[in-house]
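The next block holds one structure in the form of C-alpha cells; read it before the comments.
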Amino acid sequence: TQPAIFLHSVILAKTLGDSFKPDMVAGHSLGEFSALVANGTLDFSSALSLVFNRALAMQKACELQESTMAAVLGLEDSIVEDICAETPGIVVAANYNCPGQLVISGELEAVKLACETLKTKGAKRALLLPVGGAFHSPLMEPAREELAAAIEQTHFHQPFCPVYQNVTATAVTDPLAIKKNLIAQLTAPVKWTQTVKQMVADGATSFYEIGPGKVLQGLVKKIDNTVTAESV
C-alpha cells in the first residue's frame, strides 16, 4: 500500500510539469516522502526504495506485538495527552490531524482502555481504526532502527523549497536535518495541525493536495478556514 500511495502522489506531481513550483511542501506521515521528491530533496528511485523498506520494516514491527490506533473526536489535545499519560501500558498521541481530531497509538489493551476513559471525559467518538499496528508510537522503534540505516546510506539533495516536517512542524531545508527528522518520524507524532498553522504563519494562502483522496484538504480547511485547499 505504501509504495502505491507514494507512486500515485509522485505521478500526479510529475504530470503538472513546469507549472508545479510550490513555495513550500509537506506530507502527512508517508506523504513526507513524496513531498521530498516534489521539492528535490530525494530522487524518485531513492525515495521509492526507502518507502519499500519503510513498509517492510513497519510490517515486521507490527507483528512483534498486538497493537492498534484509535481516532478520538471532540476533545482538546491536552486532555487526550493527559489520558494517554495516565493509562497503564503504551499509548500515545500519534496524529494531530486537526482541532478536535487526534489519533492515539499503542498496545491494543492500552488503547482500548484509553478510549473508554476518553469517552467518559466527553469524547464524541473514540474508535479503533483498521490499521496494521501502532504507527508513530514507541512500538515502531525496531522499524525506526531499520529505516535509519537505509536513510543514512541515501543521498539527500539541497531542496529548492522548504519541507515542513511531521516531527518539527517547522520549515526545514538542511539535508542533514531532513534526514534526522525523517528517521525520527516513525516513533514520533505527526504534527499536522501544527504544521499547517506554521505554513499559514509563514505566508501560505493556497494548499494543493497531490495524492489519492481529499482527506488532507479537508483537514487544512478545519485547521484554518481563511485559506484555500483543493485537489490537483
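The values are calculated or read from the model by the stated rules, or taken from the named source; none is laboratory data. The shown structure was predicted, so the numbers you read here are calculated from the model rather than taken from an experiment. Here the Cβ is made from the backbone with ideal geometry for all residues, glycine too, and neighbour counts use every protein chain on show. We work out accessible area using only protein heavy atoms, side chains counted, and drop any ligands, DNA or RNA first. Shrake-Rupley method; radii C 1.70, N 1.55, O 1.52, S 1.80 Å.
Remark: pairs (first residue in region 183-200, without any contact (Cβ under 8 Å) to a residue 60 or more places away in the chain and open to solvent by 20 Å² or more (accessible area, probe 1.4 Å); second residue acidic (Asp, Glu) and assigned to a helix (DSSP H, G or I); Cβ separation under 7 Å; 6+ apart in sequence or on different chains) = Thr187/Glu141.
So for region 135-153 (the condition being open to solvent by 60 Å² or more (accessible area, probe 1.4 Å) and more than 21 Å from Leu64 (Cα to Cα)), does at least one residue qualify? For region 135-153, residues open to solvent by 60 Å² or more (accessible area, probe 1.4 Å) and more than 21 Å from Leu64 (Cα to Cα): present.
The residue of region 101-127 that is least open to solvent (accessible area, probe 1.4 Å), among those that are more than 19 Å from Ser29 (Cα to Cα), within 21 Å of the chain's Cα centre (by Cα) and of a type outside the set (Val, Ile, Thr), is Ala126. Inside region 154-169, residues that are in contact with a helix residue (DSSP H, G or I) (Cβ under 8 Å, 6 or more places away or on another chain) and open to solvent by less than 60 Å² (accessible area, probe 1.4 Å) make up a count of 10. Consider region 189-207 and keep the residues that are in a helix (DSSP H, G or I) and in contact with a helix residue (DSSP H, G or I) (Cβ under 6 Å, 6 or more places away or on another chain). The one that is nearest to Thr226 (Cα to Cα) is Val196. Filtering region 85-100 to residues that are outside any strand (DSSP E or B) and either crowded, with 24+ Cβ neighbours inside 10 Å or charged (D, E, K, R) (or both) leaves only Glu86. Taking the stated definitions as given, is Ser49 more than 27 Å from Val200 (Cβ to Cβ) and either surrounded by fewer than 14 Cβ atoms within 10 Å (Cβ to Cβ) or not aliphatic (A, V, I, L, M) (or both)? Spelling it out, Ser49 is indeed more than 27 Å from Val200 (Cβ to Cβ) and either surrounded by fewer than 14 Cβ atoms within 10 Å (Cβ to Cβ) or not aliphatic (A, V, I, L, M) (or both). Summed over region 1-43, residues that are of a type outside the set (D, E, K, R), exposed (fewer than 14 other Cβ atoms within 10 Å of the Cβ) and in contact with a helix residue (DSSP H, G or I) (Cβ under 9 Å, 6 or more places away or on another chain) total 1.
Once region 201-226 is narrowed to residues that are β-branched (Val, Ile, Thr) and within 19 Å of Phe20 (Cβ to Cβ), the residue that is least open to solvent (accessible area, probe 1.4 Å) is Val220. Out of all the residues in region 62-79, is one or more surrounded by 22 or more Cβ atoms within 10 Å (Cβ to Cβ) and part of a helix (DSSP H, G or I)? No, the conditions are met nowhere in region 62-79.
For region 212-225, does any single residue satisfy the condition of being at pLDDT 95 or above, charged (D, E, K, R) and in a helix (DSSP H, G or I)? Yes, region 212-225 has at least one match.
A single entry from Ala229, Ala148, Ala184, Ala134 fulfils the requirement of being in contact with a helix residue (DSSP H, G or I) (Cβ under 8 Å, 6 or more places away or on another chain) and more than 26 Å from Ala55 (Cα to Cα): Ala229.
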